[in-house]
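Enquirer: Structure provided below as structure tokens; questions to follow.
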Amino acid sequence: MAEYAGPGTRDVAIVAFGQTDHRRTSDEFSEVEMLMPVLHEVLAATGLKTSDIGFTCSGSSDYLAGRAFSFTMALDGVGAWPPISESHVEMDGAWALYEAWVKLQTGEADTALVYSYGKSSPGSVRDVLTRQLDPYYVAPLWPDSVALAALQAQALIDAGDTDEPALAGIAARSRNAARGNSHAQLGGSVPQGDYVVRPLRTGDCPPIGDGAAAVVLAAGERARELCERPAWIRGIDHRIEPHGLGVRDLTDSPSTRLAAERAGAFAGPVDTAELHAPFTSQEVVLRKALRLGDDVTVNPSGGALAANPVMAAGLIRLGEAAARVHRGASDRALAHATSGPCLQQNLVAVLEGDPR
Amino acid sequence: MTEVLSAPLVVEFPFTRSLGPVQSAFLTGLRERAVLGVRTADGKVLVPPVEYDPRTAEELRDLVEVATTGTVTTWAWNPDPRRGQPLGSPFAWVLVRLDGADTSLLHALDAPGPDAVRTGMRVRVRWAAERTGAITDIACFEPYEEGEPVVHQVTPHSGEFAGEAAVTGIVAAARLDYTYSPGRAQSQYIRALSGRRTVGERCPSCRKVYVPPRGACPTCGVATDEQVEVGPRGTVTTFCVVNIKAKNLDIEVPYVYAHIALDGADLALHGRIGGIPYDQVRMGLRVEPVWTDGGRYPDHYRPTGEPDADYDTYKELV
């Protein structure tokens, strides 16, 4: 174990990534049954056993499937006996990865297993997500996730930042890219469809589905032993907007920009960006906040518009970006994850491969 | 693929929440048909008001009254209202900046159709007939096209209202509906129970048999898929005496609730012990399930009459 030398001073990399095929339903699997294959996949990729892992951290929400303490059941899939060093966040797995990164920075662990999963199929995710809102002024009105995204989309249209054809273009580009992603739920030619909540149409919204993802983190030389080309986390930070929607400028994302600054995203160009934009209009906000030019490949995986397992979709952005570094398709990639209504909370990481 | 089970599951939870002084004044104000905001150190008026400045985290207490008319800052047409939303027929979600406020409030706008809604349109509060001190005391907004935008002078407000006592809390009721499916392993377990058989699953690695099975071995972290019928008899590994009657449970107290290791299982399940006085139940007692007509799981377990099991035979399962 290394001596603790301050935050961000230890080289930590994503050395493996796995995800399920994301599907509209997964009735035949409990959450742990759905999750276990991806845990085995990332352990096999690194040759590690559960007992070799220094720290395990997961992200999920019991509200999605309506199953209390589901994350304790999910631990069965890890093999958590004898007791392991473990933590859980009721957040997207991207924030579990952040916690694991901090743990590795302290020097208390050299490797970490991070996973997340979401089964939206048993419930109505549009309604479930209303329960994360301000319980005094907002949640009693039950504004669903599409409605809130639509308010943001209209604000962007009013500001001249986008229009419906441009949003349709984002949808088409994402689903077209997803043709190359065997795990995607929605790919190819998808009609824009009718308004769900105007101005957002079916095509502007993410598919609803179930899925899971896992990554392995490793520090220093351990990363090089476990992966031919580790995706080094050069910077990672997360920031949040005020919770009042009416306090915010919905056409901008200062928290994303600040997180990106702190993660060093503006210190040099990136070739790839995996953005967690469940709605087409949110990509417009993120591109602006992150100052991404047309030369950057955005969401080559298809992004959350192609597969949006809630609580895992953010971790998948980090995993997809890392996987491109692993296979030499990217040298410097930006990964972004979001949580809450209208991009309320945002995480940005910069991943780099060793020079070739 | 095994046919999986599913069943409706309703999760209902009324959260009782206390209010801070600013929230209390705001919600009391709505009950009295007044809209209060709070002024920040840099002079901005926040509506709905919050206890702390979102920018500086400074405590905010400087209440002001704003108008009940305002301007739409963004909107979204909802053609298909969902349960719990403010209006039952199609409406627009709106963020409204009330005259005198610098921020916007989320609510519904009652309008005939999307063509009747635009950013910048003038609206006013429509009060609910019955008001309790909740955001839903505003029934919705309605168009107010005759009302020109005005520079509204806010007036300081003490936050106190004559009449009924101030609102100090809300009860936030919530209901979520699910169609729950327990997955492969537990579906098979439940299906076997319907034939009065108890079926666990064996870990291919450590060979332990888990009952009920959850599909994975928590020690080895691998899938369990070999089905093993266990029981029906078993051994009490440990127990407790229940002295408090549970709500909606028609069982006389005191009674014994026990961990029971069914023969062949490597994990104890739990159940009630009957057919024996509660103070005679002991570790090592041999028991068998008692089924009732139409029961989907054993009603309780009773002594078999066999000699007690030797401690060494179940000590790993305590």
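The numbers here are math on the coordinates, done by the rules we state, and not lab data. It should be emphasised that the depicted structure is a prediction, and the values quoted were computed from it without experimental measurement. Don't worry about glycine lacking a Cβ; one is built from the backbone with ideal geometry, like all the others, and counts go over all protein chains shown.
Enquirer: How far is helix A:93-105 tilted off the main Cα axis of chain A, in degrees rounded to 10, range 0 to 90?
Expert: Its long axis makes an angle of about 30 degrees.
Enquirer: In whole percent, what relative contact order does the stretch B:236-300 give with Cα contacts below 8 Å and a gap of six or more residues?
Expert: Value for the stretch B:236-300: 29 percent.
Enquirer: Any lysines with Cα under 19 Å of the residue B:315 Cα? List them, leaving off those in the same chain fewer than 8 positions away.
Expert: B:208
Enquirer: Right, another one. Taking 8 Å as the Cα distance limit and 6 or more residues as the minimum spacing, I'd like the relative contact order of the stretch B:183-317 as a percentage.
Expert: Averaging sequence separation for qualifying contacts and normalising by length gives 20 percent for the stretch B:183-317.
Enquirer: While we're on this one: Partner chain Cβ atoms within 10 Å, averaged over the residues of B:111-120 - can you pull that number for me?
Expert: What the average comes to for B:111-120 is 1.
Enquirer: Let me ask something else about it. Going by the alpha-carbon gyration tensor, a ≥ b ≥ c the square roots of its eigenvalues, is chain B rounded (a/c under 1.5) or, if a/c is not under 1.5, prolate (a/b greater than b/c) versus oblate?
Expert: Cα axes put chain B in the prolate bin.
Enquirer: Nothing charged except the Cβ atoms of Lys and Arg (+1) and of Asp and Glu (-1): what's the magnitude of the dipole of the stretch A:38-132 about its Cα centre? Round to the nearest 20 debye.
Expert: About 280 debye.
Enquirer: Could you name the lysines whose alpha carbon sits less than 22 Å from that of residue A:103, not counting residues in the same chain fewer than 8 places away?
Expert: List returned: A:49.
Enquirer: Within 10 Å, count the other beta carbons around each residue, average over each peptide in B:240-250, B:134-144, and list them highest first.
Expert: Result, highest mean Cβ count within 10 Å first: B:134-144, B:240-250.
Enquirer: Output wanted: per-residue J couplings in Hz (rounded whole) for the stretch A:211-228, from phi through Karplus 6.51 cos²θ - 1.76 cosθ + 1.60, θ = phi - 60°, x for Gly and Pro.
Expert: Going residue by residue, I get x, 8, 8, 8, 9, 10, 9, 8, 9, x, 4, 4, 5, 5, 5, 8, 8, 5 Hz, with x marking Gly and Pro.
Enquirer: I would also like to ask the following. Could you work out [θ]222 nm for chain A from helices alone, using -39500 (n - 2.57) per DSSP H run of at least four and dividing by all its residues? Round to the nearest 500 deg cm²/dmol.
Expert: Result for chain A: -9000 deg cm²/dmol, rounded to the nearest 500.
Enquirer: Please sort by residue number the GluC sites (Glu not before Pro) in the stretch A:167-269 whose DSSP state is loop and whose Cβ has at most 16 other Cβ atoms within 10 Å.
Expert: A:228
Enquirer: Still on this structure: Quick query: amide H of residue B:174 versus all other amide H atoms, modeled in the peptide plane; which residues come in under 5 Å with a sequence gap of 5 or more or a different chain?
Expert: Distant-sequence amide H within range of residue B:174: B:13, B:15.
Enquirer: If you don't mind, there's one more thing I want to ask. Against the longest alpha carbon principal axis of chain B, how many degrees, from 0 to 90 and to the nearest 10, is the axis of helix B:21-31 turned?
Expert: Once rounded, one gets 70 degrees.
Enquirer: Calculate the translational D of the stretch A:1-154 in whole µm² s⁻¹ from Stokes-Einstein, where the hydrodynamic radius comes from the Kirkwood formula applied to all Cα pairs, the temperature is 25 °C and the viscosity 0.890 mPa s.
Expert: Reported coefficient: 142 µm²/s.
Enquirer: Per DSSP H run of n ≥ 4, the term is -39500 (n - 2.57); total these for chain B, divide by its residue number, and report the mean residue ellipticity at 222 nm rounded to 500 deg cm²/dmol.
Expert: -2500 deg cm²/dmol
Enquirer: Let me ask something else. If you average 1/r across every pair of different Cα atoms in the stretch A:197-327 and take the reciprocal, what Kirkwood value do you get, in Å?
Expert: Its Kirkwood hydrodynamic radius stands at 16.3 Å.
Enquirer: Just for chain A, what percent of DSSP beta bridges are antiparallel, to the closest 5?
Expert: Beta bridges within chain A, antiparallel portion: roughly 75 percent.
Enquirer: So if we plug the beta-carbon distance of residue B:276 and residue A:327 into 1/(1 + (r/R0)^6) with R0 = 41 Å, what FRET efficiency do we get, rounded to 0.05?
Expert: Step by step, r from the Cβ atoms, then E = 0.05.
Enquirer: Still on this model: If you project the alpha carbons of chain A onto the principal axes, what extent comes out on each, in Å, largest first?
Expert: 54, 44, 40
Enquirer: Looking only at other chains, what is the average number of their beta-carbon atoms within 10 angstrom of each beta-carbon in A:43-50?
Expert: Whole-number average of other-chain Cβ neighbours for A:43-50 is 1.
Enquirer: Per-residue HN-Hα couplings for the stretch B:174-191, Karplus 6.51 cos²θ - 1.76 cosθ + 1.60 at θ = phi - 60°, whole Hz, x for Gly and Pro?
Expert: Each residue of the stretch B:174-191 in turn: 9, 9, 10, 10, 10, 10, 8, 10, x, x, 5, 4, 6, 4, 5, 4, 5, 5 Hz.
Enquirer: Along the principal axes of its C-alpha atoms, what lengths does the stretch B:183-317 span, in descending order and rounded to whole Å?
Expert: Ordered largest first, the stretch B:183-317 gives principal extents of 41, 36, 25 Å.
Enquirer: Which net charge results when you count Lys and Arg as +1 and Asp and Glu as -1 among the other residues whose beta-carbon is under 14 Å from that of residue B:233?
Expert: -1
Enquirer: Residue by residue through the stretch A:310-316, which ³J(HN,Hα) values in whole Hz follow from phi under the Karplus form 6.51 cos²θ - 1.76 cosθ + 1.60 (θ = phi - 60°), with glycine and proline marked x?
Expert: 4, 5, 10, 5, x, 4, 5
Enquirer: Starting from the 7 Å offset along Cα-to-Cβ, what nm value, one decimal, do you get for the label separation of residue A:194 and residue B:118?
Expert: 2.6 nm
Enquirer: Report the net charge of residues surrounding residue B:209, where surrounding means a beta-carbon distance below 11 angstrom and charges are Lys +1, Arg +1, Asp -1, Glu -1.
Expert: -2
Enquirer: Same structure, new question: Under the 0.36 nm per residue contour assumption, what length would be gained going from the current alpha-carbon distance of residue A:202 and residue A:52 to full extension?
Expert: This chain segment gains 49.5 nm when fully extended.
Enquirer: Let me ask you something else. Can you list the residues, at least 5 places off or on another chain, whose amide H is less than 5 Å from the amide H of residue A:88, using H built in the peptide plane?
Expert: So residue A:88 has HN proximity to A:58.
Enquirer: If the elastic network links every pair of Cα atoms under 10 Å, which of B:97, B:55, B:197 fluctuates the most in the Gaussian network model of chain B?
Expert: Maximum among the listed residues: B:55.
Enquirer: I'd like the mean, over residues of B:176-189, of how many other protein chain beta carbons sit within 10 Å of each residue's own Cβ.
Expert: Partner-chain Cβ atoms within 10 Å, mean over residues of B:176-189: 6.
Enquirer: Using only the Cα atoms, what convex hull volume per residue in Å³ does the protein assembly as shown have?
Expert: Dividing the Cα hull volume of the protein assembly as shown by its residues yields 190 Å³.
Enquirer: Find the relative contact order for chain A and round it to a whole percent, using C-alpha pairs within less than 8 Å whose residues are 6+ positions apart.
Expert: Reported relative contact order: 25 percent.
Enquirer: Continuing with the same structure: What is the set of long-range amide H partners of residue A:344 at a cut-off below 5 Å, with H atoms built 1.01 Å from backbone N?
Expert: A:339
Enquirer: Continuing with this model, one more query. For residue B:130, project a label point 7 Å along Cα to C-beta. Then give me every residue of the stretch B:166-183 with its amide nitrogen under 15 Å of that point.
Expert: In the stretch B:166-183, the label zone of residue B:130 (backbone N under 15 Å from the point 7 Å along Cα→Cβ) covers B:171, B:173.
Enquirer: What shape does the stretch B:14-174 take by its C-alpha gyration tensor, where a ≥ b ≥ c are the square roots of the eigenvalues and a/c under 1.5 counts as rounded, a/b above b/c as prolate, and the rest as oblate?
Expert: Because a/c hits 1.5 or more and a/b fails to exceed b/c, the stretch B:14-174 counts as oblate.
Enquirer: Measure nothing fancy, just the Cα-based angle from helix A:164-177's long axis to the longest principal axis of chain A, in degrees from 0 to 90, nearest 10.
Expert: The two axes meet at around 30 degrees.
Enquirer: If each of residue B:179 and residue B:306 carries a label point 7 Å out from its Cα toward its Cβ, how far apart are those two points in nm?
Expert: Label-label distance for residue B:179 and residue B:306, simple model: 4.3 nm.
Enquirer: Using the Cα centre of the stretch B:14-174 as origin and beta-carbon charges of +1 (Lys, Arg) and -1 (Asp, Glu), tell me which of B:48, B:173, B:103 is placed farthest towards the positive end of the dipole.
Expert: Of the options given, the answer is B:173.
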